[in-house]
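In what follows, a structure is listed as structure tokens, so that the remarks can point back to it.
The values are calculated or read from the model by the stated rules, or taken from the named source; none is laboratory data. All of these numbers come straight from a predicted model, not from anything done at the bench. Glycine gets a Cβ as well: all are built from the backbone with ideal geometry, and neighbour counts include every protein chain shown. Just so you know, the surface numbers come from the protein's heavy atoms only, side chains and all, with ligands and any DNA or RNA stripped out. Shrake-Rupley method; radii C 1.70, N 1.55, O 1.52, S 1.80 Å.
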Amino acid sequence: MIATLQFLRGVVFALFAFSALVALGAWAVRTRRVQPSSSAGRAIRHVVDPVLFPLERWLLQRGGNPQNAGWWLIGIALVGGIVVISVAEWLIRQSFRFAGAGARGPFGVFQLVVYYAAWLVSIALVVRVIGSWFGVDRFNRWIRWAYTLTDWFVEPLRRIIPPLGIIDLAPLVAWFAIQILLGLFMGL
């Protein structure tokens, strides 16, 4: 698994380096640091144009500047690489977590289910808080699920902990309580 992750990192780095070289070559030809009609310019354009033309077309359709296609390519390679590596690491971590839970038997599987449930409620709390910052109503179809998952825990806390002006501490206390309870439960 670790070797696969190292290989994936190497591939992502190679794609990033290639995109940086493509962007540099396009810039050199566009700014005439390399003459477009010379043999070097034609060779660079032979490699660069098939990569950048679809991105330039996409930028033009959306009102962007096609000269920025090189920067977009570098950004896509960077962000895409980070996402691919992060998802791969997460999947590997989850596969180890599943294997460990299966090896511990029914209680291990129960612990894993509780862990994922607490993780989901924690994410719902974060979504609920961020949605309230932007004034999103609790009945909005994109936020309703977060309130459904967290009201059972936040509303009783809200009766105990009143808001301090515009700051509602109940979701924060709920998040800390879930993290503490989860840590205690996973330690069993």
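Only one residue of Ile123, Ala23, Ser38 has its Cα farthest out toward the positive end of the dipole of the chain, where Lys and Arg carry +1 and Asp and Glu -1 on Cβ, and that residue is Ser38. With protein chains left intact and a 1.4 Å probe, residues in the chain average 68 Å² of accessible area per residue.
The reciprocal of the average 1/r between distinct C-alpha atoms defines the Kirkwood hydrodynamic radius, which for the stretch 22-65 equals 10.8 Å. Just how far, in whole angstrom, is the stretch 154-188 from the stretch 69-105 if you go by their alpha carbon centroids? Rounded to whole Å, the Cα centres lie 30 Å apart.
For Arg9, the solvent-accessible surface with a 1.4 Å probe is about 90 Å², rounded to the nearest 10. Helix 170-186 and the longest principal axis of the C-alpha atoms of the chain enclose an angle of approximately 90°. Counting only alpha carbon atoms, the long axis of helix 69-103 and the longest principal axis of the chain meet at about 40°. Under 18 Å from a label point set 7 Å out along the Cα-to-Cβ vector of Ile76, the amide N atoms of the stretch 8-42 belong to 12-27. With contacts taken as Cα pairs under 8 Å and at least 6 residues apart, the stretch 23-119 reaches a relative contact order of 18 percent.
Label reach from Arg30 (point 7 Å along Cα→C-beta): in the stretch 62-93, amide nitrogens under 13 Å belong to 64-75.
Here's the picture: a label point sits 7 Å out from the Cα of Phe139 along the beta-carbon direction, and within the stretch 165-179 nothing has its amide nitrogen under 15 Å of it.
Shape annotation for the stretch 137-188: C-alpha extents along the principal axes are 39, 27, 15 Å, from largest to smallest.
Using a 1.4 angstrom probe and counting only protein chains, how large is the accessible area of Thr148 in Å², to 10? Accessible area, nearest 10 Å²: 100 Å². Highest GNM mean-square fluctuation among Phe98, Phe134, Phe110, for the chain modelled with Cα contacts below 10 Å: Phe134. When all protein chains stay in place and ligands, DNA and RNA are ignored, the 1.4 Å accessible-area order of Met186, Met1, largest first, is Met1, Met186. A helix-only calculation puts the chain at -28000 deg cm²/dmol for mean residue ellipticity at 222 nm, using -39500 (n - 2.57) for each DSSP H run of at least four residues, averaged over all residues. Between the helical axis of 106-133 and the longest alpha-carbon principal axis of the chain there is an angle of about 70 degrees. Rolling a 1.4 angstrom probe over the stretch 1-106 with all protein chains present gives an accessible area of which 70% lies on carbon and sulfur atoms.
Each principal axis of the Cα cloud of the stretch 61-188 was taken in turn, and the coordinate range along them, longest first, works out to 57, 48, 23 Å.
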